[in-house]
Amino acid sequence: MDPRQAYEQKARAELDLLGAGLDGLQARAPKAKAGAGINQQQPMAELKAKREAAQNYLARLNRADKFAWGELQVEADQAVSELRSALDQAASHLK
């Protein structure tokens, strides 16, 4: 497996894991105490948008030529990192 394929496989696995975490948060949100947050819909919508952005970067990586791939890799890493941070923050608010 070449490094590009390995990266894409690793990034997709991480995104799948983060997506499962988001699904878990969505399931827990209605059960969260009222004091945990006034409006749970907005943070969930933002998390979904971040997940979609990360998925879009990975899809673009898959189609990118070797010249654009490096730049897209940096952007995909950033999108996944932002999703991870936002998910961690949302999870801490639901505890």
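Quick notes on this structure:
- Full-stretch length increase - Gln89, Val74 - with 0.36 nm per residue and alpha-carbon distance subtracted: 3.1 nm
- Dipole axis of the chain (+1 Lys, Arg; -1 Asp, Glu on Cβ), positive-most option in Leu18, Met44, Ser81: Met44
- For segment 3-93, the fraction of C-alpha pairs farther apart than 16 angstrom is 53 percent.
- Glu46-Glu82 pseudo-label distance in nm [points 7 Å out on the Cα-to-Cβ vector]: 1.2 nm
Since every read-out is calculated from the coordinates, none of them should be taken as a lab result. Predicted model only: the values in this text are computed from it and were never measured. Backbone-built Cβ (ideal geometry, glycine too); neighbour counts: all protein chains shown.
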